[in-house]
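Only one structure is covered here, and it is reproduced in the block below.
The values are calculated or read from the model by the stated rules, or taken from the named source; none is laboratory data. Owing to the predicted nature of the structure, the values given are computational and were not obtained by experimental measurement. Cβ placement follows ideal geometry from the backbone for every residue including glycine, while neighbour counts extend to all protein chains displayed.
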Amino acid sequence: MRILLHRADGKTEPWIKDFAKYLPEAEIEIWHAGEKNQACDYAVVWAPPEAMLPELSTVKAIFVTGAGVDALLKFSDALPPNIPIIRLEDAGMAVQMAEYVTHSVLRYFRRFDEYEAQARAGQWAPLPQHNKEDFAVGVLGMGVLGTRVLEALAPFGFPLRGWSRTEKNMPGVQCFSGADGLDTFLRGSRVLVCMLPLTPDTSNIMDRTNMSKLPAGAYIINVARGAHIAEPDLSTLIKSGHIAAATLDVFRNEPLPAQHPFWQEPRITITPHISALTLRRESVQQIAANIRKTEAGEQVAGIVDRTLGY
């Protein structure tokens, strides 16, 4: 079989070596703009250029090297309609996401962000502790990654809340769903963790209206996509004090432009989209297993529902 591979960073050699190890029967074809490639059975991409789209129309399946697929689905009707798009379900990302979010929640709960500011100012001033019962953590999005984050937070004893598009149940978590449940979910979440897929329905979901529903002095952690947050609204609510602070790993424009006002806001913690990095070996293993299942006519997990966007 032949696999058409595209890497925006140009670092294809390590991927070729891993495919040789975990799928030795496959021949890897690297996509280059302007070159005619031989017909391939499968494609492995993340954010392919538009010029690559015609060559995706003949493969059996398109594998995306990430959990989010918005970088591919943005092409909408230009994508071949009947070819399955298969995303990574975990591949080592869930534990990274759980580490990142747990650290961020504990940093705010123990007021380490404020102690860091005090230390820079040369101040020694113990602060009163937050009441854990009043420090509910709400996870917006209860997919594979969101569920893993809730599991990681459970041992710390925070009240846990989760919201999903459709009804879900999880032991120890107060679950909400749909448009009717979103308002109640937001009003009771002292910490809001965004882990939603980016779709037309979730773009700007964290706008001034919804963020204002959070309790006064709430915290926001966004590890999903930058377009979930209306950035000017967040700046306004932080300046007013309604939002105490935010930790942001994703932004509408990446890298975050040097002139962006978030850089000058001390209550916003910025990281460069590192909350869950793609682990190449685990990704190749998962893709290889799914290719073998496809070849054998077996059911494959992670097939994207294009109408939902994930």
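Structure notes:
- Candidates R148, R190, R225 - the one that is touching a residue at least 60 places away in the same chain (Cβ under 8 Å), among the charged types (D, E, K, R) and assigned by TED's automatic domain parsing to the domain that holds H103: R225
- For the range 272-298, a residue qualifies if it is exposed (fewer than 14 other Cβ atoms within 10 Å of the Cβ) and closer than 27 Å to V223 by Cα, and the qualifying residues are P272, I274, L277.
- Selection status of R165, among the charged types (D, E, K, R), under 17 Å from the mean Cα position of the chain (by Cα) and either modelled with pLDDT of 95 or more or over 17 Å from I220 (Cβ atoms) (or both): yes
- Just one of the listed residues (T278, T247) is among the hydroxyl-bearing types (S, T, Y), touching a residue at least 24 places away in the same chain (Cβ under 8 Å) and either in a helix (DSSP H, G or I) or touching a strand residue (DSSP E or B) at 6+ places or on another chain (Cβ under 8 Å) (or both), and it is T247.
Matching residues to (1) in contact (Cβ under 8 Å) with a residue 60 or more places away in the chain; (2) touching a strand residue (DSSP E or B) at 6+ places or on another chain (Cβ under 7 Å):
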| residue | (1), (2) |
| --- | --- |
| L4 | no, yes |
| P14 | yes, no |
| Y22 | yes, no |
| E25 | no, no |
| I30 | no, yes |
| N37 | no, yes |
| A43 | no, yes |
| P48 | no, no |
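- Meets criteria (modelled with pLDDT under 95, of a type in the set (A, V, I, L, M) and within 14 Å of L4 (Cα to Cα)) for A26: no
- Candidate set: the range 283-310, residues that are under 21 Å from L4 (Cβ atoms) and of a type in the set (D, E, K, R); chosen: the one modelled with the lowest pLDDT: R306
- Residue within the range 25-45 that is part of a loop (DSSP other than H, G, I, E, B), in contact with a helix residue (DSSP H, G or I) (Cβ under 8 Å, 6 or more places away or on another chain) and within 27 Å of S275 (Cα to Cα) present: no
- Number of the exception - L237 against (1) assigned to a strand (DSSP E or B); (2) over 20 Å from the mean Cα position of the chain (by Cα); (3) aliphatic (A, V, I, L, M): (1)
- Within the set I83, I62, the sole residue that is within 30 Å of R148 (Cα to Cα), in a loop (DSSP other than H, G, I, E, B) and either of a type in the set (K, R) or modelled with pLDDT of 95 or more (or both) turns out to be I83.
- Checking each residue in the range 250-264 for being assigned to a loop (DSSP other than H, G, I, E, B) and either among the hydroxyl-bearing types (S, T, Y) or under 22 Å from A276 (Cα atoms) (or both) picks out V250, F251, R252, N253, E254, P255, L256, P257.
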